[in-house]
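**Q** Quick one: this structure, given as structure tokens, is what I'll be asking you about.
The values are calculated or read from the model by the stated rules, or taken from the named source; none is laboratory data. Quick caveat: nothing in here was measured; it's all calculated off a predicted structure. FYI the Cβ positions are ideal-geometry reconstructions off the backbone, even for glycines, and counts take in every protein chain you see. Accessible surface areas use protein heavy atoms only, side chains included; no ligands, DNA or RNA. Shrake-Rupley method; radii C 1.70, N 1.55, O 1.52, S 1.80 Å.
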Amino acid sequence: MAKQIYTKYEMAKYLRKEALPTALCPGCGGGTVLNAFANAIDQLKIDPRDLVVVSGIGCSAWIASPYFLADTLHTTHGRAIAFATGVKVGLPDKKVVVISGDGDLAGIGGNHLIHAARRNIDITVILVNNFIYGMTGGQVAPTTPFGAITTTTPYRNIEHPLKIAETVASAGASYVARWTTFHVYQLIESIKKALTVKGFSLVEVVSQCPVQFGRRNRMKTPAEMLRWFSKNSIPISKAKNMSPEELEGKIIIGEFVSREKPEFTEELNKLIDEVAQYYRLGGEDAD
Amino acid sequence: MIIRGDEPEQIGLLKKLYPKGNYFMQGDEAIAYGALFAGCRFYAGYPITPASEIAETMARELPKLKGYYIQMEDEIGSIAAVVGASWTGLKSMTATSGPGFSLMQENLGYAVFTETPLVLVDVQRSGPSTGQATKGAQGDFFQARWGTHGDHPIIAVSPTSVEDSFWETIRAFNLSEKFRIPVILLADGIIGHTREQIRIPDPEEVEIVYRKLPANEEEAKYPFGDVHGDLIPPMPLFGNGYFTHVTGSTHKENGLRDVYTPEVHDRLVRRLHKKIEVHEKEIQKWEEYYTDDAEILLVSWGVSARPSLGAVIEARKKGIKAGLIVPKTVHPFPGKRIKELSKKAHTILVPEMNLGQMILEVQRFVREEVPVIGVNKIGGVPLTVEEILKEIESSAERSRHRSAD
């Protein structure tokens with residue numbers, strides 16, 4: 001039954017039918033992200049054979065792995081980017097994409113995120129930020145808003161959330177953008193750009209988790225959460241003229257960084273060619 | 001499809017860069033050269049004493065052979081990158097020491113479960129914790145076997161000298177490729193930092209094994225299926241359009257996750273174990289010295305095997321029938337052979353640089369009447385011939401008293 005429904009949609013050609021239906025809860029933003037990603041691949045006419053998708057652990061890690069029909073590597077918690085680094089070095093001509101959550105990529109995997117951005121390796125990261133550890137039962141995440149209620153902050157969260165897009169931008173990525181699941185068309189455009197940009201690119205998608213986050217924070221339905229995104233999102237151009245107090249609790253959306261700088265696998269191969277050439281020409285005698 | 005390191009030009013290049021002959025080098029360097037001769041073309045690591053010279057040598061030599069060196073942000077990332085690279089067809093390696101080995105354990109388990117060939121070098125150092133960072137030890141015998149969680153098989157090999165490090169590294173790669181399993185090279189800080197003469201061979205003299213690839217699309221659909229009846233599935237590499245799904249969760253033969261069906265988990269984990277058990281003869285390797293008539297049998301491994309052999313030779317000069325067996329594959333352990341040899345022995349001595357680890361494996365295979373005695377030393381200084389000889393002599397003495405009673 002389920003398979004029949006899914007095949008009605010055009011983007012279903014990109015999905016691993018035998019893995020459907022998805023494990024995502026009704027109303028989860030994960031479906032929107034998967035849809036946006038499939039549309040971006042479709043619009044760019046990328047052959048899924050030229051794509052390797054890597055993910056970690058948690059709800060968002062399931063978005064493309066196993067559901068997206070490409071080579072998919074579902075890894076240990078937090079380590080997706082490190083695994084993807086090896087894949088990209090081995091297959092520099094393929095598109096290597098990491099899709100995972102905020103807990104996975106910015107919590108336990110924060111170190112790999114920062115260093116991949118610094119290295120500027122040509123990997124596209126789609127980081128789904130739902131403010132919560134969803135799959136493990138709604139515990140506090142490094143992105144949980146100050147004051148929010150979670151299963152491990154039952155009185156209120158007294159930690160400050162990590163600003164992921166800002167952090168990765170300053171770590172040295174080539175392209176960084178943030179959208180919410182309310183901004184679907186902008187999101188598709190950004191994913192397209194991230195896939196085309198040479199170097200490390202991050203698209204942070206603020207996404208709803210009505211089940212674990214919303215219902216504990218006065219937003220029981222997916223629609224309520226989307227309305228919250230719509231009301232609280234501030235375009236980055238506008239945010240530049242606002243004070244930190246005015247921006248408190250707001251979601252800054254838009255492109256944070258888009259710049260050209262030397263990319264890691266290209267530099268690595270350039271270096272190898274130089275060294276290999278030198279030794280093939282008998283350069284070792286010159287020592 | 002090419003597994004890189006296989007190009008014909010590589011042989012010519014190896015010959016030119018490292019002409020056969022005698023070299024004077026460290027154990028760590030010998031491990032790196034062994035890896036290069038085995039076809040390793042990807043190295044990701046994080047510096048740690050006493051393993052850093054492996055990374056330094058790889059960083060210098062790999063680009064000459066069109067191989068990739070990358071220094072990762074930590075040990076966890078290092079082995080993760082190695083797994084990723086291996087799925088693109090690159091023979092891949094990382095090297096570390098005690099605390100770094102601990103950090104790699106989770107992803108080592110991932111490599112076991114996803115049947116990813118790689119070589120993980122642990123140049124053992126004194127522990128626990130930071131311990132004596134610069135000193136050698138043999139304390140990771142069981143960390144190699146049981147460090148990662150769950151039921152799992154593993155292969156670990158251990159060299160006894162600098163030259164042996166070169167050849168055991170090649171053997172580690174070959175076993176890993178052949179059986180699609182991560183292989184641990186248990187070296188130690190003393191061999192790693194000792195300089196000795198080693199003979200570098202012609203690359204043609206080196207037997208190289210490459211992983212089995214799917215023969216067709218149909219085989220590629222079962223990346224974890226026993227399609228040939230030898231328990232070793234062909235490995236559909238990324239980038240070939242097979243749409244392979246690889247997960248560290250319990251998976252079916254087609255790679256898709258199934259964590260709810262007990263039979264699926266049972267079938268997969270048992271196959272992984274059986275894959276190693278059935279091929280044990282090919283995996284096992286040990287050396288024997290004077291074991292034919294040995295009444296006092298020494299079982300020793302790695303760096304400790306050398307003073308052990310010295311002590312056996314000295315004991316023989318004194319008319320004591322001592323013999324030595326050195327497991328070179330420490331996991332799976334050559335217990336059956338030790339059981340055979342122990343039938344003739346009245347005492348078994350196990351010299352090692354720890355407070356008794358491999359001895360526990362030895363005890364499992366030896367009948368109760370035979371005393372199994374550890375000759376143990378910790379503190380970062382290797383056992384000496386005299387220390388081991390003393391134990392052999394007192395064992396001989398005790399046996400004389402017993403037979404006189």
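**Q** Would you please give the residues with an amide H less than 5 Å from that of residue A:125, counting only those at least 5 places away or on a separate chain, with H modeled from the backbone geometry?
**A** Here A:98, A:201, A:202, A:203 satisfy the definition.
**Q** Next up: What relative contact order, as a whole-number percentage, does chain B give when Cα pairs under 8 Å and 6 or more residues apart are counted? All intermediate terms of the calculation are to be shown ahead of the outcome.
**A** On the way: 888 pairs, mean separation 61.3, N = 405.
Dividing the mean separation by the residue count of chain B yields 15 percent.
**Q** Can you pull the one-decimal nm distance between simple spin-label points at residue B:205 and residue A:278, each 7 Å off the Cα toward Cβ?
**A** The two pseudo-label positions are separated by 3.0 nm.
**Q** If Lys and Arg each add +1 and Asp and Glu each add -1, what is the summed charge of the other residues whose beta carbon sits under 10 Å from the beta carbon of residue B:211? Let's see the in-between values first.
**A** Details: positive: B:91, B:178, B:180, B:212; negative: B:115, B:177.
Neighbour charge sum, excluding residue B:211 itself: +2.
**Q** Between the DSSP loop rule and a limit of at most 13 other Cβ atoms within 10 Å, which GluC sites (Glu not before Pro) in segment B:126-207 are left? Walk me through the numbers on the way to the answer.
**A** On the way: sites: B:163, B:168, B:177, B:196, B:204, B:205, B:207; in loops: B:207.
In loop regions of segment B:126-207 (DSSP not H, G, I, E or B), the sparsely surrounded GluC sites (Glu not before Pro) are B:207.
**Q** What is the Cα centroid distance between segment B:32-78 and segment A:10-48, reported in whole angstrom?
**A** That distance is 38 Å.
**Q** Note down the net charge around residue B:52, summing +1 for each Lys or Arg and -1 for each Asp or Glu among other residues with Cβ under 12 Å from its Cβ. If you can, show how the numbers build up before the last one.
**A** Details: positive: B:125; negative: B:28, B:29, B:53, B:56.
Charge balance near residue B:52 sits at -3.
**Q** What share of the DSSP beta bridges in chain A is antiparallel, in percent to the nearest 5?
**A** On the way: 8 of 37 bridges.
Of those bridges, close to 20 percent are antiparallel.
**Q** Given a 1.4 Å probe and every protein chain left where it sits, what share in percent of the accessible area of segment A:147-287 is carbon and sulfur? Could you put the intermediate results ahead of the total?
**A** Values: 4140 of 7600 Å².
Here it works out to 54 percent.
**Q** Sort segment B:40-180 into rounded, prolate or oblate with this rule: let a ≥ b ≥ c be the square roots of the eigenvalues of the Cα gyration tensor; rounded if a/c is under 1.5, and if a/c is not under 1.5, prolate when a/b is larger than b/c, oblate otherwise. Before the final figure, lay out the partial values.
**A** Values: a/c = 1.35, a/b = 1.11, b/c = 1.22.
Here segment B:40-180 falls in the rounded category.
**Q** While we're on this one: Projecting each Cα onto the charge dipole of the protein assembly as shown (Lys/Arg +1, Asp/Glu -1 at the beta carbon, about the Cα centre), which of B:354, B:167, A:28 comes out farthest on the positive side?
**A** About the Cα centre, the residue reaching furthest to the positive side is A:28.
**Q** Round to the nearest 10 and report in Å² the accessible area of residue B:249, as given by a 1.4 Å probe over the protein chains' heavy atoms.
**A** Only protein atoms counted, so the area is about 30 Å².
**Q** Which residues, if any, in segment B:55-79 lose at least 50 square angstrom of accessible heavy-atom surface (probe 1.4 Å) when the other protein chains sit next to their chain rather than the chain being alone?
**A** Buried by the other chains: B:63, B:64, B:66, B:68, B:70, B:73.
**Q** Nearest 10 degrees is fine. How inclined is helix A:110-119 to the longest principal axis of chain A, computing both from alpha carbons?
**A** Result, in degrees: 40.
**Q** Within the accessible area of segment B:82-204, what % is carbon and sulfur when the probe is 1.4 Å and the other protein chains stay in place?
**A** 52
**Q** Per the Kirkwood definition applied to all pairs of different Cα atoms, how many angstroms is the hydrodynamic radius of segment B:268-405? Each step should come with its number before you reach the end.
**A** Details: mean 1/r = 0.0649 Å⁻¹.
Every distinct Cα pair counted, the radius reaches 15.4 Å.
**Q** A drop of at least 20 square angstrom in accessible area, chain alone versus all protein chains together, probe 1.4 Å. Which residues of segment A:25-68 meet that?
**A** Relative to the lone chain, where solvent access is computed with a 1.4 Å probe, segment A:25-68 loses at least 20 Å² at A:49, A:62, A:66.
**Q** Separate question: Given charges of +1 on the Cβ of Lys and Arg and -1 on the Cβ of Asp and Glu, with all other atoms neutral, how large is the dipole of segment B:174-235 about its Cα centre, in debye to the nearest 20?
**A** On the way: 7 positive and 12 negative charges, 48 e Å.
The dipole of segment B:174-235 has a size of about 220 debye.
**Q** Something else about it: Expressed as an acute angle from 0 to 90° and rounded to the nearest 10, what is the orientation of the C-alpha long axis of helix B:52-61 relative to the principal long axis of chain B?
**A** 50
**Q** Rounded, prolate or oblate: pick one for chain B, where a ≥ b ≥ c are the square roots of the eigenvalues of its C-alpha gyration tensor, a/c under 1.5 means rounded, and failing that, prolate if a/b is larger than b/c, else oblate.
**A** Numbers: a/c = 1.99, a/b = 1.48, b/c = 1.34.
Prolate is the answer for chain B, as a/c is 1.5 or above and a/b outweighs b/c.
**Q** Give me the 1.4 Å probe accessible area per residue for segment B:91-236, excluding ligands and nucleic acids, in Å². Could the numbers behind the result be given before it?
**A** Working: 4430 Å² over 146 residues.
Using a 1.4 Å probe on heavy atoms only, each residue of segment B:91-236 averages 30 Å².
**Q** Got a sec? What order do B:230, B:140 fall in by accessible area at 1.4 Å, biggest, i.e. largest, first? Could you put the intermediate results ahead of the total?
**A** Values: B:230 45, B:140 15 Å².
Correct descending sequence by accessible area is B:230, B:140.
**Q** A further question follows. Quick one: if you stick a label point 7 Å off each Cα along the C-beta vector at residue B:363 and residue B:59, how many nm between them?
**A** 4.4
**Q** So what is the 222 nm mean residue ellipticity for chain B from helices alone, if each DSSP H run of at least 4 adds -39500 (n - 2.57) and you divide by all residues, rounding to the nearest 500 deg cm²/dmol?
**A** Dividing the helical sum by the residues of chain B leaves -12000 deg cm²/dmol.
**Q** Rounded, prolate or oblate for the protein assembly as shown? Axes are the square roots of the Cα gyration tensor eigenvalues, ordered a ≥ b ≥ c, and the cut-off for rounded is a/c under 1.5. Could the numbers behind the result be given before it?
**A** Values: a/c = 2.14, a/b = 1.88, b/c = 1.14.
Prolate.
**Q** Separate question: Looking at segment A:147-287 only, what percent of DSSP beta bridges run antiparallel? Nearest 5 please. Kindly include the intermediate steps, with their values, before the conclusion.
**A** Numbers: 5 of 14 bridges.
Taking every DSSP beta bridge with both residues in segment A:147-287, the antiparallel ones total about 35 percent.
**Q** May I ask which residue of A:158, A:232, B:244 lies farthest towards the positive end of the charge dipole of the protein assembly as shown, with charges of +1 (Lys, Arg) and -1 (Asp, Glu) on Cβ and the Cα centre as origin?
**A** So the residue furthest toward the plus end is A:232.
**Q** Can you give me the Cα centroid spacing of segment B:85-138 and segment B:226-277 in angstrom?
**A** For segment B:85-138 versus segment B:226-277, the Cα centre distance is 23 Å.
**Q** If you don't mind, there's one more thing I want to ask. For residue B:129 and residue B:313 in one chain, what is 0.36 nm times their gap in residues minus the Cα-Cα distance, to one decimal in nm?
**A** On the way: separation 184, 0.36 × 184 = 66.24 nm, distance 3.66 nm.
62.6 nm is the gain from fully extending residue B:129 to residue B:313.
**Q** Over chain A, average the accessible area per residue using a 1.4 Å probe and give it in Å², no decimals.
**A** 43
**Q** Could you give the nm distance between label points at residue B:259 and residue B:11, where each point is 7 Å from its Cα heading toward the beta carbon?
**A** Roughly 4.8 nm, to one decimal.
**Q** Among A:19, B:57, B:381, whose Cα projects farthest towards the positive end of the dipole of the protein assembly as shown, with charges put on the beta-carbon of Lys, Arg (+1) and Asp, Glu (-1)?
**A** Result: A:19.
**Q** Report the accessible surface area buried between chains A and B, summing both sides, using a 1.4 Å probe on protein heavy atoms only, in Å² rounded to the nearest 100. If you can, show how the numbers build up before the last one.
**A** Numbers: alone 14070 and 16720 Å², together 27170 Å².
Counting both chains, the buried surface is close to 3600 Å².
**Q** Can you tell me the 0 to 90 degree angle between the C-alpha axis of helix B:27-38 and the longest principal axis of chain B, rounded to 10?
**A** Between the helix axis and the principal axis of chain B, the angle is about 40 degrees.
**Q** Here's a follow-up. Scan segment A:77-175 for trypsin sites (Lys or Arg not before Pro) in coil per DSSP, keeping those whose Cβ has at most 13 other Cβ atoms within 10 Å, and list them by number. Don't skip to the end; give the middle numbers.
**A** Values: sites: A:79, A:88, A:94, A:95, A:118, A:119, A:156, A:163; in loops: A:79, A:94, A:156, A:163.
Sites meeting the loop and neighbour criteria: A:156.
**Q** I'd like the antiparallel share, as a percent to the nearest 5, of DSSP beta bridges with both residues in segment B:247-405.
**A** Details: 5 of 17 bridges.
Here the share of antiparallel DSSP bridges comes out near 30 percent.
**Q** Moving to a separate point now. Using unit Cβ charges (K, R positive; D, E negative) and no other charged atoms, how large, in debye to the nearest 20, is the dipole of segment B:1-119 about its Cα centre? Show your work: numbers first, answer last.
**A** Working: 9 positive and 13 negative charges, 118 e Å.
For segment B:1-119, the charge dipole is close to 560 debye.
**Q** Right, another one. May I ask you to evaluate 6.51 cos²θ - 1.76 cosθ + 1.60, the Karplus curve with θ = phi - 60°, for each residue of segment B:226-241 and list the ³J(HN,Hα) values in order in whole Hz, giving x for glycine and proline?
**A** Whole-Hz 3J(HN,Hα) from phi for segment B:226-241: 7, 6, 10, x, 9, 6, 10, x, x, 9, x, 6, 5, x, 10, x.
**Q** May I pose another question? Given +1 on the Cβ of Lys and Arg, -1 on the Cβ of Asp and Glu, and no further charges, what dipole in debye does segment B:93-238 carry about its Cα centre, rounded to the nearest 20?
**A** The calculated dipole for segment B:93-238 is roughly 480 debye.
**Q** What does the charge count near residue B:104 come to, summing +1 for each Lys or Arg and -1 for each Asp or Glu among other residues with Cβ under 10 Å from its Cβ? Working shown, then result.
**A** On the way: positive: none; negative: B:74, B:75, B:106, B:122.
Taking every other residue near residue B:104 into account, the sum is -4.
**Q** Note the per residue figure in Å³ for the convex hull of the C-alpha positions in chain A. Could the numbers behind the result be given before it?
**A** Numbers: hull volume 42.6 nm³, N = 287.
For chain A, the hull spanned by Cα atoms encloses 148 Å³ per residue.
**Q** A further question on this structure: Among B:228, B:245, what's the order by accessible area (1.4 angstrom probe), most exposed first?
**A** Values: B:228 85, B:245 5 Å².
Greatest to least solvent exposure: B:228, B:245.
**Q** Let me ask another. Counting only protein chains, not ligands or nucleic acids, how are B:398, B:364 ordered by accessible area (probe 1.4 Å), most first? Don't skip to the end; give the middle numbers.
**A** Details: B:398 100, B:364 160 Å².
My answer, sorted largest first, is B:364, B:398.
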